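Trainee: Let me begin by handing over the structure; questions about it come next.
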Amino acid sequence: MSASGYYELYRRSTVGATLVDALDTLISDGRIEASLAMRVLDTFDRVVAETLKDKTQSKLTFKGHLDTYRFCDDVWTFIIKDCNVKLDQTEDIQGNTVVVDKLRIVACNSKKTGE
Amino acid sequence: MSNQEGARAYETIVENVVNEVREDFESAGIDEQTLQDLKLVWQTKLSESRVAKFMWDPEDEGALGTSLNNSNIAPSLLDSQGLAIPALSSGEDKAQQSQSQQQQAQQQPLMTQSKHEEQPKQEIELSMEDPDGEIAEQLKLQAKQAKKSALLDTDEINSDLDDSEDDYLNSSGEDEGQDENIVLCLYEKVLRVKNKWKCNLKDGLATINHKDYAFQRAQGETEW
């Protein structure tokens with residue numbers, strides 16, 4: 001958890017990793033200080049948490065064979081093999097199913113987040 | 001499986017982050033142009049990741065499906081900025097260096113010219129499909145080396161923090177790994193009865209088969 005009280009977990013997502021890359025570029029070019037980049041990432045942690053909480057409606061369900069489970073430092077990690085993933089979107093009724101060989105889930109405790 | 005909501009969530013995130021750090025930029029004495037460049041590079045990288053279709057994606061999306069193609073993403077964005085567009089060239093060897101340097105090339109014209117002369121080859125715009133991630137790995141290495149040389153050039157950067165960010169990415173290993181399906185989320189409940197596991201999750205971002213999704217809730221039933 002970052003100093004601001006939000007998980008840094010989402011920095012691993014595509015939207016987070018691309019931001020880290022973009023900030024790295026600006027730092028390498030000497031256009032911003034690293035300290036400012038850290039503040040941007042702190043803001044990112046908060047904005048992602050708020051956006052997911054307030055702006056999303058989809059529901060995801062999955063079924064599969066639990067290959068690995070781990071609970072460490074209040075973080076659950078699951079590796080699910082032969083996993084059926086289904087996404088139901090309210091606006092888009094065609095909730096299709098996708099099958100993946102392997103799905104990794106990293107989940108932080110919802111009780112401790114922000115606010 | 002449609003991932004429109006994921007795309008909308010990412011768009012909201014980009015917009016809100018940029019707006020909310022504006023004050024930080026101002027108080028650090030950084031101009032608006034730099035903030036806009038950050039946004040532009042961020043959006044371009046998201047488009048290149050192709051995890052979703054974004055509203056800032058270039059129009060000619062159809063051309064992006066080919067195995068190796070001159071990307072129009074960066075030039076079109078450059079156009080909107082009124083910047084000089086370097087001549088395009090193709091070829092696999094150039095492609096290898098180009099992706100890591102694309103963003104640098106994009107910003108080069110905005111910077112002082114002194115550095116420009118040291119890195120004369122950066123004005124190449126290309127992108128390519130890289131399904132097995134091998135080339136992406138090479139590019140990452142090259143980007144890192146380019147970064148290091150940049151760090152030597154300019155003293156005003158806090159290189160420790162910069163490196164630690166890289167380590168953060170590398171240590172987590174699987175992020176953006178092209179082949180990994182990953183869900184990042186919060187858990188509410190994890191229940192186990194014998195070998196059956198049930199979990200209630202929420203507020204998640206998922207990358208599944210190279211597409212990104214956002215979800216409010218998720219429920220899983222698995223057997224160990």
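Values in this text are rule-based calculations from the coordinates and carry no lab data. It should be emphasised that the depicted structure is a prediction, and the values quoted were computed from it without experimental measurement. Note that we place each Cβ from the backbone using ideal geometry, even for glycine, and neighbour counts take in every protein chain shown.
Trainee: Quick one: A:112, A:55, B:194, B:39, fewest Cβ neighbours within 10 Å first, how do they rank?
Mentor: Numbers: A:112 12, A:55 15, B:194 7, B:39 19.
Fewest-to-most ranking of A:112, A:55, B:194, B:39: B:194, A:112, A:55, B:39.
Trainee: Between their Cα atoms, which of A:102/B:198; A:53/B:39; B:53/B:189; A:102/B:39; A:59/B:53; A:86/B:194 are more than 29 Å away from each other? Could you put the intermediate results ahead of the total?
Mentor: Details: A:102/B:198 17 Å; A:53/B:39 23 Å; B:53/B:189 33 Å; A:102/B:39 33 Å; A:59/B:53 20 Å; A:86/B:194 25 Å.
Going by Cα-Cα distance, B:53/B:189; A:102/B:39 fall outside the 29 Å limit.
Trainee: Right, next: By how many nm would the segment from residue B:4 to residue B:191 lengthen if fully extended, with 0.36 nm per residue of separation less the alpha-carbon distance? All intermediate terms of the calculation are to be shown ahead of the outcome.
Mentor: On the way: separation 187, 0.36 × 187 = 67.32 nm, distance 3.10 nm.
Taking 0.36 nm per residue and subtracting the Cα distance, the gain is 64.2 nm.
Trainee: Additional query: Tell me the Kirkwood radius of segment A:9-55: reciprocal of the mean inverse pair distance over distinct alpha-carbon atoms, in Å. Walk me through the numbers before you get to the answer.
Mentor: Details: mean 1/r = 0.0904 Å⁻¹.
Result for segment A:9-55, one decimal place: 11.1 Å.
Trainee: Picking from A:16, A:30, A:64, which is most flexible by a Gaussian network model of chain A using Cα springs under 10 Å?
Mentor: The residue that fluctuates most here is A:30.
Trainee: Report, as an integer, the average count of C-beta atoms from other chains found within 10 Å of each Cβ along B:136-145. Numbers along the way, then the final one.
Mentor: On the way: counts 0, 0, 0, 0, 1, 0, 0, 4, 2, 0.
The shielding value for this peptide is 1.
Trainee: Please arrange A:38, B:55 by how many other C-beta atoms lie within 10 Å of their C-beta, fewest to most.
Mentor: Working: A:38 17, B:55 8.
Sorted ascending by nearby Cβ count, the order is B:55, A:38.
Trainee: For chain A, what is the mean residue ellipticity at 222 nm derived from helices alone (per DSSP H run of n ≥ 4: -39500 (n - 2.57); sum divided by total residues; nearest 500 deg cm²/dmol)?
Mentor: Details: 2 runs with 37 residues, N = 115.
So the helix-based figure for chain A works out to -11000 deg cm²/dmol.
Trainee: To the nearest whole number, what is the average tally of beta carbon atoms from other chains within 10 Å of the beta carbons of peptide A:96-104?
Mentor: Numbers: counts 2, 1, 6, 1, 4, 2, 4, 9, 8.
Mean partner shielding for this stretch: 4.
Trainee: Another question about this same structure. For segment A:59-109, what does the equivalent ellipsoid look like in terms of its semi-axes, each the square root of 5 times an eigenvalue of the Cα gyration tensor, given largest first in whole Å? Let's see the in-between values first.
Mentor: Details: eigenvalues 114, 42, 6 Å².
Taking √(5λ) for each eigenvalue gives 24, 14, 5 Å, largest first.
Trainee: Here's another thing I want to ask about it. Going highest first, how would you order A:66-73, A:81-88 by mean Cβ packing within 10 Å? Could you put the intermediate results ahead of the total?
Mentor: On the way: A:66-73: 12.5, A:81-88: 19.1.
Result, highest mean Cβ count within 10 Å first: A:81-88, A:66-73.
Trainee: Report the extension gain between residue B:209 and residue B:54 in nm, rounded to one decimal, defined as 0.36 nm multiplied by the number of residues separating them, less their alpha carbon distance. Each step should come with its number before you reach the end.
Mentor: Values: separation 155, 0.36 × 155 = 55.80 nm, distance 1.74 nm.
Value of the extension gain: 54.1 nm.
Trainee: Ok, one more. Could you work out, residue by residue across A:38-50, how many beta carbons of other chains sit within 10 Å of that residue's beta carbon, and then give the average as an integer? Walk me through the numbers on the way to the answer.
Mentor: Working: counts 4, 7, 9, 4, 2, 8, 6, 1, 3, 10, 10, 2, 4.
Neighbouring Cβ atoms belonging to other protein chains average 5 per residue here.
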